[in-house]
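**Student:** Shown below is the structure under consideration.
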Amino acid sequence: MGQERLLAKTVMVVGDGVLSDTFIEYVKRAGVGNVLVSGGGVCKSRTTETGNWKTRRNNEARSWENTEWDLGAVLDAPSREVQQVNRLCLQRRVPLIWAATDSGSFRATLCEGYRGDRPCAECYPRNDGASQTAGSFTLRASILGSWLAFEALKVLLDIRPSIECKIVHMEERRIEVWDTPLEKNALCVACAAETTNCSRPE
């Protein structure tokens, strides 16, 4: 039954790098029915049934707006794209996984700002993570991409993910992993109005 549920799901991935590439590969191999990818000016889709990629160059924001998905993921994406996808996820009441790597550090969280008690991707400041998965961090980014894919599967199957209500940090130089609790920012311009409904969408 779980495999059938995954086959009916669509994941939208925005990002261009090792982190997003690994995430896409593992989500696809797990049996998610449709994976939509936007990065580097290219929008691609691949269904598990056919296994074929369909690629188109288009206005990315317009492509996102005309597409339905069950989970969004912005991985090493510029702030502009994070904001665009976050706003769409809020409108559609769809969860969003955000993650970024830079110079030996990694951060990730699950954003559900449409729920009254959960933050969205704009509730707290963050640095741009675009195109920074290079050098010695590339191998680690591939490992983290597979872990994020596992977290995505838990979200799609309504299993509580370990990145819920917190931001997970990893520091390569100090070889440390820790998490920081997250709360909704009452002054957030994107999700502050969402204060009543604390349940997951049907």
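**Student:** Between a first residue in region 1-28 that is closer than 14 Å to Leu71 by Cβ and a second residue that is of a type in the set (Phe, Trp, Tyr) and surrounded by fewer than 22 Cβ atoms within 10 Å (Cβ to Cβ), which pairs have beta carbons less than 6 Å apart while being 6 or more apart in sequence or on different chains?
**Tutor:** Pairs that qualify, where the first residue is closer than 14 Å to Leu71 by Cβ and the partner is of a type in the set (Phe, Trp, Tyr) and surrounded by fewer than 22 Cβ atoms within 10 Å (Cβ to Cβ), are Thr10/Trp69; Met12/Trp69.
**Student:** Does any residue of region 122-140 turn out to be modelled with pLDDT of 90 or more, under 12 Å from the mean Cα position of the chain (by Cα) and not hydroxyl-bearing (Ser, Thr, Tyr)?
**Tutor:** No.
**Student:** Here is a list: Ile143, Ile167. Which entry is out of contact with any Cys (no Cβ under 6 Å at 6 or more places or on another chain), modelled with pLDDT of 80 or more, buried (at least 19 other Cβ atoms within 10 Å of the Cβ) and among the β-branched types (Val, Ile, Thr)?
**Tutor:** Ile167
**Student:** Could I ask something else about it? Among the residues of region 70-102, which ones are more than 9 Å from the chain's Cα centre (by Cα) and assigned to a loop (DSSP other than H, G, I, E, B)?
**Tutor:** Hits for region 70-102 are Asp70, Asp76, Ala77, Pro78, Arg93, Val94.
**Student:** Here's a follow-up. For region 53-93, which residues satisfy the criterion of being more than 22 Å from Leu153 (Cβ to Cβ) and modelled with pLDDT under 50?
**Tutor:** Result: Lys54, Thr55, Arg56, Arg57, Asn58, Asn59, Glu60, Ala61, Arg62.
**Student:** Taking region 152-185 only, how many residues are in contact with a strand residue (DSSP E or B) (Cβ under 9 Å, 6 or more places away or on another chain) and either touching a residue at least 60 places away in the same chain (Cβ under 8 Å) or farther than 17 Å from Cys111 by Cβ (or both)? Steps first, answer last, please.
**Tutor:** So the first thing to find is which residues in region 152-185 are in contact with a strand residue (DSSP E or B) (Cβ under 9 Å, 6 or more places away or on another chain), and the list is 152, 155-156, 161-173, 176-182.
After this cut, where a residue has to be either touching a residue at least 60 places away in the same chain (Cβ under 8 Å) or farther than 17 Å from Cys111 by Cβ (or both) as well, the list is 152, 155-156, 163, 167-173, 176-178, 182.
Looking only at that region, the number is 15.
The values are calculated or read from the model by the stated rules, or taken from the named source; none is laboratory data. Remember, predicted model here, so these are calculated numbers, not experimental data. Every residue, glycine as well, gets a Cβ built from its backbone with ideal geometry; the counts of neighbours run over all protein chains shown.
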